[in-house]
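Just below is one structure, and these are the notes that go with it.
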Amino acid sequence: MNKELSLRQIAYMYVFISISPILRQIPRALAAAAGRSAYISPLWSAVAILPITAIVIGLLKAFPGLNIYEIMIQAFGAFLTKIIIFGYLLWFLLSITAKINIYAQTLQFTLMPQTRTNFFLITLIVLVAYALLRGIKTVFRFSEFTLGTILVIFAILFVCGISRIRKDYILPVSTIHLMDTVRASVGVITVGGNVILTLFFADKLGISTTKKEKRTLWYGTFIFLILCFLVTLVTIGITGAALTANLPFPFYITVKSISFFNIFERFEVIVTLICVLSDFIAICIFMILIVRCFEWLFDLKQKGFLYAPLTMIIFYLTYYLSKTQFEFDFLYQNVIVYINLVFQYLIPLLLGLLSLFKIKKIKKQF
């Protein structure tokens, strides 16, 4: 079996597509739910994200060279697997439309407030089409080669911003509010759960992955958690919980007050660019996954003809689901978050448990 991707590239992709919600959605959601104690929530989220990462690595070890569809066939049977994959298809369609919406709203809020959404959508379609024509490797390599530079930029921002944090914005942390921080951690958990996307590309990893490669997935998870903690801490510590909870892009406003030794400013433009790139890669990944779901559902050998009709469906679905920031917030907080829990945690957990039972049953036969 050809090894088209490495587990390191998938781990980098996971972190890269998580950057946009880390900067834009997580600080706002946590501040609204937990106030000044919100920066504790990413620590609680590790209780869910680390076990699901362990399940993913366990499935990679137990079923080398098989993707999630092939593993489900072994665990659930063909009929139930088709139903579940159809559910994942709908989930990916919902996720990609949400990403496209927030991509356009980010550009309108930061750089081009007078530009119509149609312009962003048409430009995005052209860019995504070009990226997919270059192949799946191009998308993953872009994440791999770009992530290091982005992490260095974040390190500079955190070092420069730490002195501007106001203690009265983050302290004291009352035990009364600890339960709020636990409930708020759902906002982090539903983003970190994207680690299960690894299983959709597991057949591209070859028939074996080394322990060193598996460790990179752990590293990716820890980087995600550290970024969530630091971004939330800096955002609330500089901007304040009340303002963070009511801004559509609080980290962008926070970065406006940061300068590099009073020499370099305007970091917010770089932050916007990072968010746009993260959304772009996420949209490419979701498009690839949607096509893969169609291949699995209908046993397709050719997939090129799917892109044009799918593009039209996604284009109109984007307008139908949400047009404004308010509509997007309602959709994300009341629908997407809870659907994510089902497809990122509940189904993989059941898959892991059933797969463990199947493996034990096979071993007993021998």
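Odds and ends about this structure:
- Failed item, numbered, when ALA46 is tested on (1) in contact with a Leu (Cβ under 9 Å, 6 or more places away or on another chain); (2) crowded, with 24+ Cβ neighbours inside 10 Å; (3) not basic (Lys, Arg): (2)
- Residue ID - nearest to THR311 (Cα to Cα), chosen from residues in the stretch 126-164 that are hydroxyl-bearing (Ser, Thr, Tyr) and within 18 Å of the chain's Cα centre (by Cα): SER143
- Pairs meeting the criteria (first residue in the stretch 297-316 and at positive phi and among the acidic types (Asp, Glu), second residue surrounded by fewer than 13 Cβ atoms within 10 Å (Cβ to Cβ) and in a helix (DSSP H, G or I), beta carbons under 7 Å, at least 6 apart or on different chains) are lacking.
- The conditions of being surrounded by 19 or more Cβ atoms within 10 Å (Cβ to Cβ) and modelled with pLDDT under 85 are met by ILE258.
- VAL269 out of contact with any strand residue (DSSP E or B) (no Cβ under 6 Å at 6 or more places or on another chain) and either buried (at least 16 other Cβ atoms within 10 Å of the Cβ) or at pLDDT 95 or above (or both): no
- Matching residues, the stretch 7-48, being assigned to a helix (DSSP H, G or I) and among the polar types (S, T, N, Q): GLN9, SER18, SER20, SER37, SER41, SER45
- Residue satisfying all of: in the stretch 230-255; surrounded by fewer than 21 Cβ atoms within 10 Å (Cβ to Cβ) and part of a loop (DSSP other than H, G, I, E, B); modelled with the highest pLDDT among these: GLY240
- The residue that is nearest to the chain's Cα centre (by Cα), among those in the stretch 224-248 that are over 13 Å from VAL191 (Cβ atoms) and of a type in the set (Val, Ile, Thr), is ILE226.
- Residue match in the stretch 194-206 (condition: surrounded by fewer than 17 Cβ atoms within 10 Å (Cβ to Cβ) and of a type in the set (Phe, Trp, Tyr)): no
Here's the yes/no breakdown for (1) hydrophobic (A, V, I, L, M, F, W, C); (2) within 20 Å of ILE189 (Cα to Cα):
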position	(1), (2)
SER6	no, no
SER20	no, yes
TYR39	no, yes
ILE73	yes, no
GLY77	no, no
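The values are calculated or read from the model by the stated rules, or taken from the named source; none is laboratory data. Treat the numbers as computed from the prediction; the structure is a model and nothing was measured. Cβ sites come from the backbone with ideal geometry, for glycine too, and all protein chains shown count toward neighbours.
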